[in-house]
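Undergrad: One structure, as structure tokens, below. Some questions next.
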Amino acid sequence: MSDNIPQDLKYTKEHEWARITGKTVVVGVTHHAQESLGDVVYVELPKLGATLTEGKNFGVIESTKAVSDLFAPISGTVVKVNDELTNSPALINSDPYGQGWIVEIEPSDAGQVGKLLDAAAYEPLTK
Amino acid sequence: MTRRTPLNEAHRKLGARMVDFAGWDMPVQYSSVIGEHEAVRTAVGLFDVSHMGEIEFTGPGALETVNRLISNDLARIQDGQAVYAGLLNDLGGFVDDVVAYRFSPERILICVNSSNREKDFAWMSARAEGVKPVDKSDDYAQIAVQGPKAVGLVQRLTKSDLSQVGTYRFTEGEVAGVKAIISRTGYTGEDGFELYCAAGDAVKLWDALLEAGQPDGVKPCGLGARDSLRTEMKYALYGNDIDDAHTALEAGLGWIVKLDKAGGFIGKDALAAQKAAGVPRKLVGFELTGAGIPRHGYPILKDGARVGEVTSGTQGPTVKKPIGMGYVPANLATEGSTFDVEIRGRAVPAVVVKTPFLKKS
């Protein structure tokens with residue numbers, strides 16, 4: 001198993017990760033996603049309090065060459081936004097699972113997280 | 001079928017991410033676009049530009065023949081000099097933008113864009129009155145060595161005195177034991193050379209440059225950095241910023257159009273008429289003053305109405321701003337004019353700025 005796919009996270013087919021922390025879920029994009037994108041130069045973030053719908057676009061990541069949509073891993077309300085990304089979008093490249101986190105969501109249905117992929121199920125999607 | 005340059009294997013060994021570019025399998029980046037961009041701005045970078053085409057005119061009357069085909073004037077330069085020029089259609093739009101090398105009045109070499117090689121060759125063959133062109137593209141490989149440390153690096157590998165080779169001049173010599181045309185040209189805004197060598201010598205030359213450039217921090221650079229570097233200089237890219245539908249005057253390239261040259265050239269009449277009547281739209285450089293990144297094809301809006309389109313755009317790695325180019329009506333083309341760029345349904349404000357975006361100290 002690759003070190004670049006942490007065991008304690010959940011994943012989507014669209015290469016987002018989700019860290020379940022008590023009542024909330026922190027969301028970012030995976031190491032594989034940032035590597036495919038190349039240098040991230042701009043992140044369009046949702047507003048605090050925005051309602052996200054599972055599988056729907058909630059933001060955009062732009063790298064030097066590509067524009068990519070961000071998809072919500074679960075439905076819920078945005079309770080925190082990583083404003084650091086406005087000035088330092090490259091945090092997504094340098095620390096995708098840490099300082100490069102994107103939003104924190106309060107799920108509308110806690111059961112949804114059960115549908116996300118675990119590390120073993122996600123890994124083949126990075127090949 | 002996808003074409004490969006003689007350096008294809010070398011790129012793969014270096015871990016390049018390869019993409020299809022105009023039918024060529026080319027490196028877009030090796031490590032990071034921004035890192036490669038910065039290497040060219042601060043040290044030295046190598047680009048494989050072997051996909052570019054080379055078309056040669058040899059024999060008595062070569063200069064006159066080519067001069068009828070290109071907008072710039074080979075009669076105003078000396079042997080050993082090159083000019084940037086347009087191959088223009090009858091309406092003054094671009095068939096291609098090229099660099100023409102004057103070896104002698106009887107030998108002119110034209111470097112054309114890879115995507116236009118066949119088109120240009122057919123176009124030139126049909127219109128050349130006198131000497132006929134020969135497509136030498138497969139014979140040549142081309143490596144661009146660009147950056148403040150480029151001259152020093154190439155000088156260490158050649159006996160030619162490069163201090164005698166000024167901007168847009170070239171010489172024939174050997175670099176790292178490889179016969180080459182050493183041309184002080186490039187498309188990054190930095191000093192440096194474009195080295196043309198035999199296709200079979202490309203790997204030897206590339207490896208020698210990479211090795212000798214280690215103390216300089218040389219980096220192999222891909223198409224991604226090439227694009228951001230040229231955008232910061234507002235250098236036009238064929239297919240984005242210039243094409244057959246926009247004239248050379250609209251593109252702001254009046255300086256490569258010599259309306260008064262002896263013998264004239266294809267497209268001259270249309271451009272002279274447009275100059276007299278006034279140029280209706282112009283390619284401008286702008287900065288976004290709101291958040292976002294302008295991209296090719298995004299609409300340019302004035303008071304909500306579409307008045308133009310972004311032709312190139314990026315987050316400039318050196319200027320550290322979202323910058324772009326696009327055609328707008330002449331009344332919006334002056335420095336300080338404002339308009340909006342539509343980014344995913346949002347109107348993001350922009351201002352026309354003086355170019356190049358990168359101000360060299």
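The values are calculated or read from the model by the stated rules, or taken from the named source; none is laboratory data. Computed from a prediction, not measured in an experiment: that's the story for all the values here. Note that each Cβ is placed from the backbone with ideal geometry, even for glycine, and that neighbours are counted across all protein chains shown. The accessibility values were calculated without ligands, DNA or RNA, using every heavy atom of the protein model including side chains. Shrake-Rupley method; radii C 1.70, N 1.55, O 1.52, S 1.80 Å.
Undergrad: Go through segment B:112-141 and report how many residues are touching a Leu at 6+ places or on another chain (Cβ under 9 Å) and basic (Lys, Arg).
TA: Here the count works out to 2.
Undergrad: Just to be sure before I move on: is residue B:230 among the basic types (Lys, Arg), within 20 Å of residue B:147 (Cα to Cα), open to solvent by less than 20 Å² (accessible area, probe 1.4 Å) and at pLDDT 95 or above in the structure I sent?
TA: yes
Undergrad: Identify, from the list A:95, A:109, the residue that is of a type in the set (Asp, Glu), out of contact with any strand residue (DSSP E or B) (no Cβ under 7 Å at 6 or more places or on another chain) and loosely packed, with under 13 Cβ neighbours inside 10 Å.
TA: A:109
Undergrad: Still on this structure, I have one more. Specify the residue that is farthest from residue B:215 (Cα to Cα); the eligible residues are those in segment B:140-177 that are of a type in the set (Lys, Arg) and touching a residue at least 40 places away in the same chain (Cβ under 8 Å).
TA: Here the residue is B:169.
Undergrad: Name the single residue that is surrounded by the fewest Cβ atoms within 10 Å (Cβ to Cβ) among those in segment B:79-131 being without any contact (Cβ under 8 Å) to a residue 24 or more places away in the chain and of a type outside the set (S, T, N, Q).
TA: B:126
Undergrad: I want to confirm something. Restricting to segment A:37-52 and keeping residues that are farther than 21 Å from residue B:320 by Cα and within 14 Å of the chain's Cα centre (by Cα), which single residue is nearest to the other protein chains (Cβ to nearest Cβ)?
TA: Checked segment A:37-52; the qualifying residue nearest to the other protein chains (Cβ to nearest Cβ) is A:46.
Undergrad: Continuing with the same structure: Can you tell me how many residues within segment A:79-90 are in a helix (DSSP H, G or I) and open to solvent by 30 Å² or more (accessible area, probe 1.4 Å)?
TA: The qualifying residues number 3.
Undergrad: Given B:295, B:344, B:281, which one is at pLDDT below 95 and either within 22 Å of residue A:44 (Cα to Cα) or surrounded by 14 or more Cβ atoms within 10 Å (Cβ to Cβ) (or both)?
TA: Selected residue: B:344, the only one of B:295, B:344, B:281 that is at pLDDT below 95 and either within 22 Å of residue A:44 (Cα to Cα) or surrounded by 14 or more Cβ atoms within 10 Å (Cβ to Cβ) (or both).
Undergrad: Please report, ordered by residue number, the strands (runs of 3 or more DSSP E) entirely within segment B:22-92 with at least 1 residues that are within 14 Å of chain A (Cβ to nearest Cβ) and at pLDDT below 95.
TA: none
Undergrad: Here is a follow-up. Do we find a residue being surrounded by 15 or more Cβ atoms within 10 Å (Cβ to Cβ), assigned to a strand (DSSP E or B) and among the aromatic types (Phe, Trp, Tyr) anywhere in segment B:161-170?
TA: Checked against the condition, which is being surrounded by 15 or more Cβ atoms within 10 Å (Cβ to Cβ), assigned to a strand (DSSP E or B) and among the aromatic types (Phe, Trp, Tyr), segment B:161-170 yields at least one hit.
Undergrad: Under 8 Å between Cβ atoms, which residue pairs at least 6 apart in sequence (or on different chains) link something in segment A:35-49 that is more than 27 Å from residue A:127 (Cα to Cα) with a partner that is of a type in the set (Asp, Glu)?
TA: Correct list of pairs: A:44/A:62; A:45/A:83.
Undergrad: Suppose the filter is outside any helix (DSSP H, G or I) and not aliphatic (A, V, I, L, M); does residue B:132 pass it?
TA: So residue B:132 passes the test.
Undergrad: Right, something else. Please go through segment B:261-293 and give me each residue that is farther than 15 Å from residue B:250 by Cβ and over 25 Å from the mean Cα position of the chain (by Cα), ordered by number.
TA: B:262, B:263, B:269, B:289, B:290, B:291, B:292
Undergrad: Continuing with this model, one more query. Those residues that are modelled with pLDDT of 95 or more and either among the β-branched types (Val, Ile, Thr) or surrounded by fewer than 19 Cβ atoms within 10 Å (Cβ to Cβ) (or both), I need them from segment A:58-67; list them, please.
TA: Passing the criteria: A:60, A:61.
Undergrad: Return only the number of the condition from (1) over 19 Å from the mean Cα position of the chain (by Cα); (2) touching a residue at least 60 places away in the same chain (Cβ under 8 Å); (3) within 30 Å of residue B:112 (Cβ to Cβ) that residue B:311 does not satisfy.
TA: Every condition holds for residue B:311 apart from (1).
Undergrad: Further question: Within segment A:58-79, track down each residue that is within 14 Å of chain B (Cβ to nearest Cβ) and within 17 Å of residue A:24 (Cβ to Cβ).
TA: Hit for segment A:58-79 is A:58, nothing else.
Undergrad: Under the condition of being open to solvent by less than 30 Å² (accessible area, probe 1.4 Å) and within 26 Å of residue A:110 (Cα to Cα), which residue from segment A:27-36 is nearest to the other protein chains (Cβ to nearest Cβ)?
TA: If we take residues in segment A:27-36 being open to solvent by less than 30 Å² (accessible area, probe 1.4 Å) and within 26 Å of residue A:110 (Cα to Cα), then A:33 is nearest to the other protein chains (Cβ to nearest Cβ).
Undergrad: Right, something else. Condition test on residue B:194, is it surrounded by fewer than 23 Cβ atoms within 10 Å (Cβ to Cβ) and modelled with pLDDT of 95 or more?
TA: In short, no.
Undergrad: Let me ask you something else. With a cut-off of at least 3 residues that are under 18 Å from residue B:89 (Cα atoms), name the helices (runs of 4 or more DSSP H) lying wholly within segment B:184-279.
TA: The helices (runs of 4 or more DSSP H) meeting that bar are B:268-277.
Undergrad: Residues to consider are B:319, B:310, B:328, B:284; find the one that is part of a strand (DSSP E or B) and within 14 Å of chain A (Cβ to nearest Cβ).
TA: Step by step, each of B:319, B:310, B:328, B:284 is checked, and only B:310 is part of a strand (DSSP E or B) and within 14 Å of chain A (Cβ to nearest Cβ).
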